1. Just the residues that are in a strand (DSSP E or B) and either free of Cβ contacts under 8 Å to residues at least 12 places away in the same chain or within 14 Å of chain B (Cβ to nearest Cβ) (or both), please, taken from the stretch A:164-198.
2. Could you check B:L266 against (1) free of Cβ contacts under 8 Å to residues at least 40 places away in the same chain; (2) crowded, with 20+ Cβ neighbours inside 10 Å and say which number it fails?
3. Scan the stretch B:186-227 residue by residue and report those that are crowded, with 19+ Cβ neighbours inside 10 Å and hydroxyl-bearing (S, T, Y).
4. Which ones in the stretch A:3-35 are within 16 Å of A:A177 (Cβ to Cβ) and either surrounded by fewer than 20 Cβ atoms within 10 Å (Cβ to Cβ) or of a type outside the set (A, V, I, L, M, F, W, C) (or both)?
5. Are any of the residues in the stretch B:210-222 outside any helix (DSSP H, G or I), in contact (Cβ under 8 Å) with a residue 40 or more places away in the chain and touching a helix residue (DSSP H, G or I) at 6+ places or on another chain (Cβ under 8 Å)?
6. What are the residues in the stretch B:94-125 that are charged (D, E, K, R) and modelled with pLDDT of 95 or more, if any?
7. Inside the stretch A:37-76, can you point out the residues that are closer than 18 Å to A:S169 by Cα, assigned to a strand (DSSP E or B) and charged (D, E, K, R)?
8. Which members of the stretch A:252-273 meet the condition of being assigned to a loop (DSSP other than H, G, I, E, B) and under 30 Å from A:N293 (Cα atoms)?
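The values are calculated or read from the model by the stated rules, or taken from the named source; none is laboratory data. Everything quoted here is computed from the prediction, not taken from an experiment. Methodologically, a virtual Cβ is constructed for each residue, glycine included, from the backbone with ideal geometry; neighbour enumeration extends over all protein chains shown.
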Protein chains: 2
Amino acid sequence: MAIIECIPNVSEGRRADVVDAIAAALRAVPGVRLLDHSSDASHNRSVFTMAGDAGPIKAAVLAMYERAVPAIDLRTHTGEHPRLGAIDVVPFVPIEGVTMAACVELAKDVGAEVASRFGVPVYLYEEASADPARRNLEDIRRGEFEGLAAKMASKGWTPDYGPAAPHPSAGASVIGARMPLIAYNINLNTDRLDVAKKIAAAIRHSSGGFRYVKAAGFELKDRGIVQVSMNLTNYEKTPMFRVFETVKREAERYGVSILESEIVGLIPSAALNSAAEYYLQIAGFKADQVLENKLRTSHD
Amino acid sequence: MAIIECIPNVSEGRRADVVDAIAAALRAVPGVRLLDHSSDASHNRSVFTMAGDAGPIKAAVLAMYERAVPAIDLRTHTGEHPRLGAIDVVPFVPIEGVTMAACVELAKDVGAEVASRFGVPVYLYEEASADPARRNLEDIRRGEFEGLAAKMASKGWTPDYGPAAPHPSAGASVIGARMPLIAYNINLNTDRLDVAKKIAAAIRHSSGGFRYVKAAGFELKDRGIVQVSMNLTNYEKTPMFRVFETVKREAERYGVSILESEIVGLIPSAALNSAAEYYLQIAGFKADQVLENKLRTSHD
């Protein structure tokens, strides 16, 4: 059985009854596990985290549209977080026993059905996008719902599926496939913010560092230390151990050491296993040697 | 849902029909996964590896006795491997979401039922044994089936369950609970067998090393290198990274380096995660941050 993670971002974070109805609809789909959901009133937005195989996950996303499209009207929606649709973003993430290519196919399949069944135009993003100018979520969302009609009429912004005009109340959706994101922080044995900022600049892609690292330096005032806060957007191509070792070396250069690191939220076991493989110099390791993986893949 | 591993050792490795009938009986139990089974003709012994929650695992062990007791007669059984019963050894191993104490209770529960339903005397071993002199499998099995009647009549060898005399054809069974065993080898960049043997002696419990390490030095003639071959019998109390780092330091002392390590067979993900936690200095890590664990434990 494959494990695909799906994290829909929905433009409702204030009306508990609407959020609960969506959560209930997701829970009701056999083969889908709703792992988490959280709402932010100031953003007026909710994030659902669910997992399952392709079929059940597709059914859950469609059930979510059934509830959310009639219940959410962006013409009256306000909130701090940028959005262009009632169901704003739907990423599919390969976790185990499934390829990125399969998640891209799932994104296209779901996108086409969302457009035909609900009349909501769909933009594919990240790995599912064929157009480099439409890979990045921020680029697609720029202008938000209020600017959507004009944007969709302009050159290069015909949606991948559905009508070339926004759904009157639900706007449009951005659906795609990406690698799991790991929120990873490294705390330094110092209160020197300049050191954290210099190290963050050294490792992040935007300033010449690793391709799949976003990073910034912060102060943890209450503890009198500083933190290199990171998002690792592809742990296969930019593994955690390489980032950690680089931060360690850069810290030494400033006479500073690593106090500890922390993983915020969930992490795929493969990301941890690759660190164990590296440091223990394990040769020829196969994922199905992990007893829990074997359990999920065994059909004896 | 808890994951308990059970690895019954059965005294039949030559008659495929008997082995297949046992495997089929195990597969037929809902909630049990038969992960692997292998037979050795010269040992005339088969090892089955299965996993599941306590109820299904108990049902599977009893189903195995139903098939194996009438089919295997130790009075005519020959083989290189020491044995005292048709179903020789049945260990229960806590893998996830279950304590060792719960596996000890399961061993006692199954042991009592095996004795009452099949008339097979049962000795509890390892964590399930209350008597230090009866913890070790080799001590219980010494004398084998041929010496069992005399041994059971002697002081200190009354079984934990069942009659104080062997079952005429099935002998006795050793049932208990233990931690998962990790078969872990470290290959050295040298052909000096003396170095592998010295390092093995330095880390193994029997000669003053780590409490939960069994180790020996071997030559890999075809590759022209040597190997420190280990069994790690409690990865929580003697973690892999500590053993690896000790072997690394000992190797340096002889001007030798680690070429690679290898994990033979299955390993619980917790054993790999603890290495990642150590080397990445991860603070406050919780097992349910591993997405796959969260998937198994979530009941939303």
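1. A:I182, A:A183, A:Y184, A:N185, A:I186, A:N187, A:L188
2. (1) is the only condition that B:L266 fails.
3. B:Y212
4. A:E5, A:P8, A:N9
5. No, that holds for no residue.
6. Scanning the stretch B:94-125 gives B:E105, B:K108, B:D109, B:E113, B:R117.
7. A:R45
8. Residues satisfying the conditions are A:G265, A:L266, A:P268.
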